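Notes to accompany the following structure.
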Amino acid sequence: MSSSSLTSSSSKGQIVRPAGSQVHTFLGLSGKKLHFAVSAFAGVGFLLFGYDQGVMGSLLTLPSFENTFPAMKSSNNATLQGAVIAIYEIGCMCSALSTMYLGDKLGRIKILFIGAVIATVGGVLQSCAYTIAHLIVARIVTGVGVGFITSTVPVYQSECSHAKSRGKLIMMEGSIIALGITISYWIDFGFYFLRNGDHSSVSWRFPVAFQCFFAIILVCLALYFPESPRWLLKKGRMQDARVVFSALYGLPEDHAMVTAQIDEIMSFVKREQAEGADDIKFSEIFKQGPNRNFHRVCLAFSVQMFQQICGINLITYYAGTIFEQYIHMTPFNARILAACNGTEYFLASLLGLLFIERLGRRFLLFWGAIAQAITMALLTATTWAADNGSGSKAGIAAAVFLFVFNSFFAVSYLGGTWLIPPEVLSLQMRATGAAISTASNWAFNFMVVMITPVAFKNIGPYTYTIFAAINLLIAPCIYFLLPETAGRSLEEMDLIFSQTPVWQPWKAVQIARDLPVEHVDDHLLPWVVIEFRVERIW
């Protein structure tokens with residue numbers, strides 16, 4: 001595993017420690033290479049997440065799928081179709097909530113491993129389903145596995161990252177979600193050509209089964225990666241954390257920077273332990289206390305809710321169906337356009353990597369909400385025109401605005417809302433708060449996916465109007481309540497919230513503006529300074 005015969009603390013429970021002056025490695029990697037490997041590993045989890053989100057959209061109208069599950073035709077029972085697709089989110093929500101306890105009990109790596117095993121089982125069960133009951137159970141099982149993964153990946157990534165690169169790395173995870181969606185769309189399109197003949201069911205069974213590929217990668221690699229050093233310190237395993245930091249920084253374990261980082265984190269750990277963090281109860285979530293727990297959990301919950309109620313999964317889950325049934329394209333054109341939509345979605349998400357540190361989280365989320373509201377309003381108008389005989393031009397315009405909405409979302413909310421929760425939550429509440437915020441994501445995901453077929457059937461293009469109004473309401477919430485986290489260490493955010501008055505949570509925004517950036521990893525890149533200037537301007 002490493003040049004020093006180092007054994008991962010997450011897999012074996014012990015570490016063979018050479019002299020303190022030696023640089024430790026995992027999988028033979030340290031420093032930037034190990035950071036890249038950790039990001040790639042975490043990215044596979046979000047690749048699975050994205051693939052699962054996109055894979056069903058174009059399968060619902062396949063003849064072989066409709067023949068297997070005739071009751072799920074939207075024309076027969078839109079409510080049942082929405083329920084079967086959305087039930088996956090219920091499994092995700094339940095397992096995400098369970099990580100409130102299991103996340104700190106087992107650690108980040110073991111939760112990822114367990115989630116990947118369960119997701120593999122769920123993918124196999126889905127691919128061999130012949131009844132709706134079988135499909136429902138399989139989707140719940142898959143959801144349980146994916147819920148473990150999605151509630152843990154952002155926390156694990158944040159706790160292993162430098163302050164200056166944390167934003168880019170988690171925004172990259174958002175891009176990987178979009179890549180997973182893109183892969184699912186193109187696989188759906190490729191297997192569309194097998195829709196006829198004796199083996200037509202392969203056209204939907206293989207795309208559903210392919211998700212197991214990503215889960216199996218996680219299963220095989222999880223126990224070879226380092227555990228979160230912050231979790232190790234919280235558990236009193238200081239030497240193990242020192243080894244992990246040595247590997248992550250590419251420095252000897254006795255290096256001053258490693259020691260300073262551990263001292264900084266331990267000062268907050270000791271403070272939280274003195275305040276009863278080791279005996280924390282669920283009721284602590286609803287108390288402010290010196291760490292402003294309730295305030296911070298509310299922010300984490302809200303941004304994940306915003307991601308879902310802005311309307312993205314209206315498109316992600318039902319892109320192929322929307323193009324075919326509601327914009328009136330041919331099945332072939334609908335599927336290839338859905339695949340192109342996913343590809344453009346992924347490419348647009350890469351812009352978020354460029355802007356997340358330059359412009360900051362607040363800037364992207366605020367203007368993203370405004371742009372999404374305008375786009376949803378335009379979708380209402382163009383889809384209404386297409387439904388009322390205005391010809392193909394209106395349908396083309398509606399398709400274009402679906403692309404436009406995806407672009408604005410990809411740059412802002414796709415990765416940004418996964419980044420905010422682990423940044424605003426304290427170490428004491430990080431696993432618990434991340435579980436609640438991820439459960440929020442899945443609960444509102446379920447709501448949107450559940451109501452979409454019903455809404456389209458009953459109010460048609462005015463479905464988009466609902467989401468236009470919601471986005472207009474999201475924008476002021478971001479502006480007045482969300483403090484900027486760009487360039488801050490996770491421990492600095494503790495200082496910002498501890499200074500925020502209990503009954504004036506909006507003051508966190510101003511405190512974050514005024515508090516100097518001071519932490520161990522303070523060699524910030526110039527664009528962080530640019531971001532603070534932009535923050536004051538807008």
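Report yes if L251 is in contact (Cβ under 8 Å) with a residue 40 or more places away in the chain and either over 15 Å from Y156 (Cβ atoms) or of a type in the set (K, R) (or both), otherwise no. Can you show your working first?
Working: in contact (Cβ under 8 Å) with a residue 40 or more places away in the chain: yes; either over 15 Å from Y156 (Cβ atoms) or of a type in the set (K, R) (or both): yes.
So L251 fits the description; yes.
Y224 satisfies every condition listed in (1) modelled with pLDDT of 90 or more; (2) under 21 Å from the mean Cα position of the chain (by Cα) except (2).
Kindly indicate whether A443 is touching a residue at least 12 places away in the same chain (Cβ under 8 Å), in contact with a Gly (Cβ under 9 Å, 6 or more places away or on another chain) and among the aliphatic types (A, V, I, L, M).
Working: touching a residue at least 12 places away in the same chain (Cβ under 8 Å): yes; in contact with a Gly (Cβ under 9 Å, 6 or more places away or on another chain): no; among the aliphatic types (A, V, I, L, M): yes.
Spelling it out, it is not the case that A443 is touching a residue at least 12 places away in the same chain (Cβ under 8 Å), in contact with a Gly (Cβ under 9 Å, 6 or more places away or on another chain) and among the aliphatic types (A, V, I, L, M).
For segment 312-333, the candidate set comprises residues that are open to solvent by 10 Å² or more (accessible area, probe 1.4 Å) and among the hydroxyl-bearing types (S, T, Y); within that set, the residue that is farthest from N406 (Cα to Cα) is T330.
Those residues that are surrounded by 16 or more Cβ atoms within 10 Å (Cβ to Cβ) and farther than 11 Å from M238 by Cα, I need them from segment 257-272; list them, please. Answer for segment 257-272, where residues must be surrounded by 16 or more Cβ atoms within 10 Å (Cβ to Cβ) and farther than 11 Å from M238 by Cα: V258, Q261, E264, F268, V269, R271, E272.
Within segment 439-471, restricting attention to residues that are hydroxyl-bearing (S, T, Y) and open to solvent by 10 Å² or more (accessible area, probe 1.4 Å), the residue that is nearest to the chain's Cα centre (by Cα) is T465. At least 1 residues that are modelled with pLDDT of 90 or more and in the same structural domain as I187 (by the TED database) in each: list the helices (runs of 4 or more DSSP H) lying fully within segment 283-402 that qualify. Answer list for segment 283-402: 293-309, 331-358, 361-387. Taking the condition open to solvent by 10 Å² or more (accessible area, probe 1.4 Å) and closer than 19 Å to F294 by Cβ, does I436 pass? Yes; evaluated as a whole, the condition is true for this residue.
On the given criteria, is V146 assigned by the TED database to the domain that holds F210, among the aliphatic types (A, V, I, L, M), surrounded by fewer than 20 Cβ atoms within 10 Å (Cβ to Cβ) and within 19 Å of V55 (Cβ to Cβ)? So V146 fails the test.
Has segment 169-178 got at least one residue that is of a type in the set (D, E), in contact with a Lys or Arg (Cβ under 9 Å, 6 or more places away or on another chain) and buried (at least 19 other Cβ atoms within 10 Å of the Cβ)? There is no residue in segment 169-178 that is of a type in the set (D, E), in contact with a Lys or Arg (Cβ under 9 Å, 6 or more places away or on another chain) and buried (at least 19 other Cβ atoms within 10 Å of the Cβ). Number of residues in segment 372-384 that are open to solvent by less than 20 Å² (accessible area, probe 1.4 Å) and of a type in the set (A, V, I, L, M, F, W, C): the value is 3. From the list A399, A385, the one residue that fits, being farther than 30 Å from M100 by Cα and touching a Phe, Trp or Tyr at 6+ places or on another chain (Cβ under 9 Å), is A399. Of the numbered criteria (1) within 20 Å of F363 (Cβ to Cβ); (2) at pLDDT 90 or above; (3) out of contact with any Leu (no Cβ under 6 Å at 6 or more places or on another chain), the one F444 fails is (1).
The values are calculated or read from the model by the stated rules, or taken from the named source; none is laboratory data. This one's a predicted model, so the numbers in the text were calculated from it and none came from an experiment. Reconstructed Cβ throughout: ideal geometry from the backbone, glycine too, with neighbour counts over all protein chains shown. Side chains are part of the model used for accessible areas, which takes the heavy atoms of the whole protein and leaves out ligands, DNA and RNA. Shrake-Rupley method; radii C 1.70, N 1.55, O 1.52, S 1.80 Å.
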